[in-house]
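To keep things clear, I will list the structure first and then write my remarks on it.
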Amino acid sequence: MKTILRDLGRAAPSFSAIIVTLFVFAPLLISSAHGAQSVPFITLSGHTADLTDAEFSPDGAFVVTASSDKTAKIWDAHTGAVIRTLSGHAEGIKTARFSPDGSRVLTSSQDNTAKIWDAKTGKLLLTLSGHTDPLEDAEYSRDGKYVVTASRDSTARIWDADSGALLATLTGHTGPVMRAVFSPDGRRVATASSDHTAKVWDAASGNLVFTLTGHHGIITSIAFSPNGHRIATSSSDKTARIWDADTGALVAALIGHTRAVEFAVFSPDGKKIATGSSDKLGILWDTNSGARLITLTGHDRALMSASFSPDGKKLATASYDRSVRIWDTGTGNPLLVLGGHDREVSHVRFSPDGRHVVDASFDMTGRIWDVSAPPTLMVAPAATPVSAPASPANK
């Protein structure tokens, strides 16, 4: 049945909305230690190349996806219907982000530009041009007034989000800038580079505040804690690190992974950090002490992305093993194993209300999963659902 539905979707795109809608009302039946249970999901079909990003709008009503097919798409999060297709980039899109108020979408692309779109109409509002190599990241400040972009040209840039004016070019890295983020108060920007360093900048002037040194590999991610007083970095050197965001002093080196660490993310209360690695493990750490709290085992390939639920009680991880897993952050117990994609899953995000997650896969689709069921062990195998409606419904 799965193959039939997939072939129908590719042969006749007009059927895709019907198929997606039917999946909303035809939950995937799964095996469980507690008997048959169901996890409803929606498949987001329409892109023609791998998905590189996916996230919910601030109100949870919409999802935006980015793809190597040079487009981003805005979807109705309740039905899976495509609302808008954002076309205009000349190369693949790396990231897509809603503005804090949900009125705009920011995309970064391999065509050396970022673009800002009207989320309601899909109209292109601004093109942020100036980088000389592909972009790796683009993020809004929390108040939505500014944008920071990170590029393989070894620079980051700060822009006025309303006018598109270039405000500052952050020059100092000697390798591609992989990530760039604003502090919660918007006063600083942190950048992560393949030159083995991270840097913190004054957002108003663009001046360098300090450089975070100590990693011995590419820095793969960087994040401020929710209160802005800590910074977490992850690296291909098999470690993550916690830094004092005010002084740049090293607080703790998180040592425990045996291969490259792909991400380090803070819990909503800032008390925990989740890391994921090519060694197939996720680890939860204490932010203050750097102590290892819980090891998450079960994925069969590299972990590439993670997202805490808004209350911090759950963690979603996306893996190249084609699955998403949901974990209890208090015990480390697996709550859900969401399989079914035909290729690697590279990205996952919780919805603002914590009831759903959206993922992005290299199989050209995303899925919105309802994870609001009671926390009993449920496993969704990478196989055809055990029942379906009669009508088509190692890095």
If a residue must be buried (at least 19 other Cβ atoms within 10 Å of the Cβ) and not hydroxyl-bearing (Ser, Thr, Tyr), how many such residues does the stretch 295-333 contain?
17
Filter the stretch 349-386 for residues that are polar (S, T, N, Q), part of a loop (DSSP other than H, G, I, E, B) and modelled with pLDDT of 95 or more; the one that is nearest to His299 (Cα to Cα) is Thr365
Test for Asp286: is it surrounded by fewer than 21 Cβ atoms within 10 Å (Cβ to Cβ), under 19 Å from His257 (Cβ atoms) and modelled with pLDDT of 95 or more
yes
Residues of the stretch 197-227 being in a strand (DSSP E or B) and among the β-branched types (Val, Ile, Thr), in sequence order, are Val200, Val209, Thr211, Ile219, Thr220, Ile222
On the given criteria, is Asp160 of a type outside the set (Phe, Trp, Tyr), at pLDDT 95 or above and in contact with a Gly (Cβ under 7 Å, 6 or more places away or on another chain)?
no
Taking the stretch 327-348, which residues are within 17 Å of the chain's Cα centre (by Cα) and either of a type in the set (S, T, N, Q) or at pLDDT below 95 (or both)?
Ser346
With respect to the numbered conditions (1) buried (at least 24 other Cβ atoms within 10 Å of the Cβ); (2) not in a loop (DSSP other than H, G, I, E, B), which one is the sole condition not fulfilled by Gly80?
(2)
What tally of residues in the stretch 104-121 results from selecting those that are assigned to a loop (DSSP other than H, G, I, E, B), farther than 16 Å from Glu91 by Cβ and touching a Ser or Thr at 6+ places or on another chain (Cβ under 9 Å)?
2
Subset tally (residues that are under 16 Å from Gly332 (Cβ atoms) and either part of a loop (DSSP other than H, G, I, E, B) or not basic (Lys, Arg) (or both)) for the stretch 277-318
25
Considering the stretch 169-187 alone, what residues qualify as being touching a Lys or Arg at 6+ places or on another chain (Cβ under 7 Å) and surrounded by fewer than 22 Cβ atoms within 10 Å (Cβ to Cβ)?
Thr169, Gly172, Pro176, Pro184, Gly186
Got a number for residues in the stretch 182-196 being in a strand (DSSP E or B) and touching a Phe, Trp or Tyr at 6+ places or on another chain (Cβ under 6 Å)?
1
Residue count for the stretch 83-103, restricted to those that are out of contact with any Asp or Glu (no Cβ under 9 Å at 6 or more places or on another chain) and assigned to a loop (DSSP other than H, G, I, E, B):
3
If you go through the stretch 152-161 one residue at a time, do you hit one that is in a strand (DSSP E or B) and touching a Pro at 6+ places or on another chain (Cβ under 7 Å)?
no
Taking the residues in the stretch 64-77 that are more than 21 Å from Leu126 (Cα to Cα) and of a type outside the set (Asp, Glu) as candidates, determine which candidate is surrounded by the fewest Cβ atoms within 10 Å (Cβ to Cβ).
Ala77
What single numbered condition from (1) under 17 Å from the mean Cα position of the chain (by Cα); (2) buried (at least 17 other Cβ atoms within 10 Å of the Cβ) fails to hold for Pro352?
(2)
Given the condition closer than 14 Å to Asp137 by Cα and small (Gly, Ala, Ser), answer yes or no: does some residue in the stretch 207-220 qualify?
no
Residues being under 20 Å from the mean Cα position of the chain (by Cα), among the charged types (D, E, K, R), under 14 Å from Ser108 (Cα atoms) and not in a strand (DSSP E or B) - total across the stretch 122-144:
0
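The values are calculated or read from the model by the stated rules, or taken from the named source; none is laboratory data. Bear in mind that the values here come from a model prediction, so they are computed numbers and not experimental data. So basically every Cβ, Gly included, is an ideal-geometry build from the backbone, and we count neighbours across all protein chains shown.
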